[in-house]
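Below is one structure, written out as structure tokens; the observations come after it.
What follows draws every value from the coordinates through simple rules; no lab data is involved. Predicted model only: the values in this text are computed from it and were never measured. Counting neighbours? That spans all protein chains shown, and the Cβs are built from the backbone with ideal geometry, glycine included.
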Amino acid sequence: MTINEKQDQIVEAFEEYTDWMDKYAYLIELGNNLSPLDPKSKVNQNLIEGCQSRVWLDAEYTNGIIHFMAESDAVIVKGIVSLLIDVVSDHTPDEILNTDLYFIDKIGLKEHLSPTRANGLLAMVKQIKLYALAFKTKE
Amino acid sequence: MTEKLDIKTIRNDFPILSRTVYDRPLIYLDNAATTQKPRCVVEAIEHVYYHQNANIHRGVHYLSQRATVAHETARATVRDFIHATSSNEIVFTRGTTEAINLLATSYGETFCNEGDEIIISTMEHHANIVPWQMLRDRKGIKLKIIPLTDLGELDMTAFEALLSEKTKLVSVAHVSNVLGTINPVKEIIEKAHARNIPVLIDGAQAVSHMPVDVQQLDADFYVFSGHKMYGPNGIGVLYGKEKWLDILPPYHGGGEMIAHVTFEKTTFADLPFKFEAGTPDYVGSVALAAAMNYLSSFGMENIAAYENDLLLDATQKMMKIDGMHIYGTSPRKSSVISFLVNDIHPFDMGTLLDRLGIAVRTGHHCAMPLMSALDIDGTLRASFAFYNTHEEIDALIAGIERVIKMF
């Protein structure tokens with residue numbers, strides 16, 4: 001599946017929920033289902049410090065594709081994190097660099113990526129692109 | 001005997017309280033961060049700009065004199081509100097933070113030398129920590145920290161043990177912005193004065209909740225912000241005993257604070273102008289006075305009694321929730337409740353309560369050393385003002401219970 005196909009699938013899934021509390025209940029479910037980060041990845045070096053919650057992000061590069069692993073201390077953030085890494089994981093650096101993560105806006109979670117939210121998500125999106133750029137230049 | 005307040009009428013004075021968020025009625029419980037503004041405060045700002053705007057103190061013309069009288073009348077209102085002796089003891093600042101920075105500079109540079117000590121407490125807001133750390137790094141002084149008891153009160157035995165001939169100042173909060181604890185500041189001041197040590201009280205969380213009498217407390221310095229007491233943003237007050245303000249050097253230099261300037265030498269103006277360089281916020285001062293007159297019309301005792309009812313009601317109902325942990329359980333508390341439920345992250349609960357129209361604060365509340373002492377990353381904080389209602393408390397309880405079920 002391409003990155004955009006994955007994004008469209010998420011947008012479709014969220015269209016089922018008209019009540020905001022249901023959207024959040026779904027995000028909590030996703031957050032709870034995200035497998036915990038390996039302790040060797042959950043280190044300060046991978047920590048994205050937000051004022052309100054923290055996100056850890058790690059990446060592996062094999063055979064030209066990047067795999068992302070992440071976690072957060074807040075469950076709603078973890079839910080959004082799980083969507084983000086699902087979308088960008090297992091793609092090439094170029095695919096990730098050229099992608100526009102429009103699904104966040106379409107499912108109404110744009111506010112969670114605003115700098116004022118201070119939950120580490122905005123920095124995480126930047127960090128995803130930085131990983132892609134770093135792996136691309138390594139080649 | 002306290003009088004009953006007509007909360008419904010009071011709420012009508014605050015237009016913002018009738019708005020909705022996400023199609024739900026706004027339940028505003030973030031009053032310790034900032035309070036909403038009554039019409040009379042906003043109207044006071046409008047009145048100054050539309051009818052008497054002119055730079056003050058330097059003008060011979062009609063408007064300038066009107067504006068000057070309004071600004072100085074506001075100063076007298078502040079003096080009366082906190083029961084200061086003289087208007088010379090009231091310095092307008094941008095807020096609590098600037099007032100503490102002013103003292104850390106003017107008092108700190110004059111009276112503190114290497115090896116001297118300043119006593120603060122574990123529960124201080126960053127505004128009453130960082131300016132002293134900056135002074136410490138400039139002058140080589142030491143900060144001594146009063147620890148807390150399990151109830152979230154100052155450990156007074158430890159406090160007394162910290163007082164020594166090296167102590168140059170004690171600077172503590174009147175009310176904790178996280179725990180809500182009302183500190184025994186009168187006793188602290190007595191103990192410090194017994195050793196000739198002056199005391200600064202951070203009153204940011206106290207002035208809108210209880211009567212404050214700086215003479216009765218015998219505080220040397222008392223500081224607070226306008227925006228946390230229904231006044232405008234960007235103005236605050238430094239109260240200082242005249243004997244102290246007289247001998248402290250100015251903080252900022254510029255116009256307004258001088259008597260005479262040549263390139264060789266400047267002589268400074270008298271109190272309180274010595275500390276008010278540049279054009280002061282003569283709009284904010286008038287609007288702050290409007291807020292104080294508004295509060296005085298109800299009586300601070302009545303406001304304190306009603307808010308105490310809210311605090312008791314909310315505390316009792318919250319304690320019935322399974323997994324509820326309240327931080328700060330002193331019997332002497334202002335209307336602030338910090339809490340966590342089970343292992344639900346404050347960001348998650350705060351985000352969901354927000355969607356239900358309930359505004360609470362989450363995080364470390366600018367008191368990271370206190371969070372470390374409590375061994376947590378942050379809390380949720382509901383803080384009540386006298387326009388909040390028992391129905392809003394019930395909505396908060398229902399909201400918390402609904403959120404808990406989602407985890």
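Look at the alpha carbon pairs under 8 Å that are at least 6 residues apart: their mean separation over the length of chain B gives a relative contact order of 23 percent. Think of chain B as a dipole: +1 on every Lys or Arg Cβ, -1 on every Asp or Glu Cβ, centred on the Cα centre; then among B:PHE92, B:GLY108, B:ILE82, B:PHE92 lies furthest on the positive end.
Among the chymotrypsin sites (Phe, Trp or Tyr not before Pro) in the stretch B:11-115, which ones are in a DSSP loop with at most 13 other Cβ atoms within 10 Å of the Cβ? Mind listing them?
Loop-located and lightly packed - B:TYR22.
Taking 7 Å steps out from each Cα toward its Cβ at B:ILE321 and A:GLU111 produces label points 2.0 nm apart.
Taking 21 Å as the cut-off for C-alpha to C-alpha distance, list the pairs among B:LYS228/B:LYS320; A:LYS6/A:LYS126; B:LYS166/B:LYS191; A:LYS42/A:LYS110; A:LYS6/A:LYS110; A:LYS6/A:LYS78 that go past it. Exceeds cut-off: B:LYS228/B:LYS320; A:LYS42/A:LYS110. Peptide B:345-357 is shielded by partner chain Cβ atoms: per residue, an average of 6 of them sit within 10 Å of its Cβ.
When the convex hull of the C-alpha atoms of the stretch B:103-144 is computed, what volume per residue in Å³ does it have? Walk me through the intermediate numbers first.
Working: hull volume 2.3 nm³, N = 42.
It comes to 56 Å³ per residue, whole-number rounded.
Gain on full extension, evaluated as 0.36 nm per residue between B:ASN12 and B:THR267 minus their Cα-Cα distance, stands at 86.8 nm. Summarised as an ellipsoid, the stretch B:184-314 has semi-axes of 32, 21, 10 Å, derived from the eigenvalues of the Cα gyration tensor scaled by 5 and square-rooted, with the largest first.
Go through the stretch B:292-392 and name the trypsin sites (Lys or Arg not before Pro) that are in a DSSP coil and have 15 or fewer other Cβ atoms within 10 Å of their Cβ. The partial results should precede the final answer.
Numbers: sites: B:LYS317, B:LYS320, B:ARG332, B:LYS333, B:ARG355, B:ARG361, B:ARG381; in loops: B:LYS320, B:ARG332.
Within the stretch B:292-392, the qualifying trypsin sites (Lys or Arg not before Pro) (loop, at most 15 other Cβ atoms within 10 Å) are B:LYS320, B:ARG332.
For chain B, the normalised intensity computed at q = 0.14 Å⁻¹ comes to -1.28 (log10 of I(q)/I(0), Debye sum over alpha carbons, equal scatterers, no solvent). How fast does the protein assembly as shown diffuse by Stokes-Einstein, in µm²/s, taking the Kirkwood radius from C-alpha pairs at 37 °C and 0.692 mPa s? The Stokes-Einstein estimate is 127 µm²/s.
I'd like the mean, over residues of A:21-31, of how many other protein chain beta carbons sit within 10 Å of each residue's own Cβ. Don't skip to the answer; put the middle values down first.
Numbers: counts 6, 1, 1, 6, 4, 0, 3, 5, 1, 0, 3.
The per-residue average across the peptide is 3.
For the stretch A:12-139, the alpha-carbon radius of gyration amounts to 1.03 times the rule-of-thumb value 2.2 N^0.38 Å expected for a compact globular protein.
When Cβ neighbours within 10 Å are restricted to other protein chains, what is their mean count per residue of peptide A:97-109?
Details: counts 0, 0, 0, 0, 0, 0, 0, 0, 0, 0, 0, 0, 0.
Partner-chain Cβ atoms within 10 Å, mean over residues of A:97-109: 0.
Cβ-Cβ distance of B:ARG138 and A:GLU16, R₀ of 45 Å, FRET efficiency by 1/(1 + (r/R0)^6): the value works out to about 0.15. Within straight cross-link reach of B:LYS265, meaning Cα distance under 21 Å, which lysines are found once same-chain residues fewer than 8 apart are removed? In chain and number order, the partners are B:LYS274. Please give the FRET efficiency for A:THR137 paired with B:ALA158, using the beta carbon to beta carbon distance and R0 = 60 Å, rounded to the nearest 0.05. For A:THR137 and B:ALA158, the calculated efficiency is 0.60. Qualifying GluC sites (Glu not before Pro) in the stretch B:98-175, where qualification requires a DSSP coil assignment and no more than 10 other C-beta atoms within 10 Å, comprise B:GLU114, B:GLU165.
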